[in-house]
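The values are calculated or read from the model by the stated rules, or taken from the named source; none is laboratory data. It should be emphasised that the depicted structure is a prediction, and the values quoted were computed from it without experimental measurement. Because the Cβ atoms are built from the backbone with ideal geometry, glycine has one as well, and the counts that use them run over all protein chains shown. Ligands, DNA and RNA are excluded from the accessible area calculation, which covers all protein heavy atoms including side chains. Shrake-Rupley method; radii C 1.70, N 1.55, O 1.52, S 1.80 Å.
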Amino acid sequence: MVHIETRLGDITTMNVDAIVNAANEELMCGGGVCGAIYRAAGAEKLRKACRAIGHCDTGDAVITDGFDLPADYIIHTVGPVWFGGERDEAKLLASSYRRSLEVAKEKGLKTVAFPSISTGIFGYPTESAAATAVAAVRDFLKDDEEMTVIWVLFDEQTKRIYDAALGEEA
Ligand code: ADP
């Protein structure tokens, strides 16, 4: 069964098959959710795994072990930096979600937790990011019978926006 839900909380505590990291193209440890994931997974081990992969294009996703996390894997996706909407940001954000789920599916993973990709340091307005994210995930899951997607959102305002996007799209 396909299931989508939102939760308020810290994505690093999620006991799921994979959590998704809002990464950068260099796969380097940054601030925000990326910094929290590095700390919780074991920074040295994750840094080594990311260095071995080396690079991820914007809109693409790669996978590493989850190391010390409760989650088995980390899917690293690079969402777009917001430049006002004129640089294919929506297409790239949708691609980040789609590629993350493709990578999960290739590994046979069934439960995937996402943060709000691109809406922190990358500056994407949360309302439009949520609308694009929900549409992209629903589109991917329409042919898949068995996947659970959980948005783990760090503050109530962001959670309200994703809940509204899920309500409107339903
Ligand atoms: P980006 O660079 O893609 O914009 P950020 O990490 O700056 O990514 O922010 C993405 C979202 O993740 C923001 O809404 C931020 O509040 C949230 N966030 C930060 N830490 C965590 C965490 N531990 N768990 C879940 N979400 C988090």
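Quick notes
- Exceeding the 29 Å Cα-Cα cut-off - candidates 48/159; 45/159; 91/142: 48/159; 45/159
- Taking all protein chains into account, the per residue accessible area for the stretch 69-170 stands at 47 Å² (1.4 Å probe).
- In this calculation the C-beta distance from residue 51 to residue 143 is compared with R0 = 30 Å, giving a FRET efficiency of 0.30.
- Solvent-accessible area of residue 146 with every protein chain in place, 1.4 Å probe, in Å² to the nearest 10: 110 Å²
- Choice from 142, 105, 159 with maximal GNM fluctuation in the chain (Cα, 10 Å cutoff): 142
- Using bins of 5 Å that start at zero, the share of Cα-Cα pairs per bin across the chain amounts to 2, 10, 20, 24, 23, 14, 6, 1, 0, in whole %.
- The modelled label-to-label distance between residue 86 and residue 15, using points 7 Å beyond Cα along the C-beta direction, is 5.0 nm.
- In the chain, the calculated helix contribution to ellipticity at 222 nm averages -13000 deg cm²/dmol per residue, counting -39,500 (n - 2.57) for every DSSP H run with n ≥ 4.
- Accessible-area value, residue 83, 1.4 Å probe, nucleic acids and ligands omitted, Å²: 110 Å²
- Bins of 5 Å, starting at 0 and running to the largest distance - Cα pair percent for the stretch 74-127: 4, 20, 29, 21, 13, 9, 3, 0
- Carbon and sulfur %, accessible surface of the stretch 70-170 computed with the full protein complex present, 1.4 Å: 49 percent
- Most positive-pole-ward Cα, 79, 50, 67, against dipole of the stretch 42-87 from beta carbon charges: 50
- Exposure rank, largest accessible area first [29, 56; 1.4 Å]: 29, 56
- log10 of Debye I(q)/I(0), alpha-carbon scatterers only, for the stretch 87-170 at 0.17, 0.20, 0.21 Å⁻¹: -0.67, -0.92, -1.01
- Reported to the nearest whole Å, the Cα centre-to-centre distance from the stretch 38-69 to the stretch 108-122 is 14.
- In this label model, residue 2 and residue 156 are separated by 3.2 nm, measuring between points 7 Å along each Cα→Cβ vector.
- Karplus-derived 3J(HN,Hα) values for the stretch 5-11, using 6.51 cos²θ - 1.76 cosθ + 1.60 with θ = phi - 60°, are 8, 10, 9, 8, x, 9, 4 Hz; glycine and proline are entered as x.
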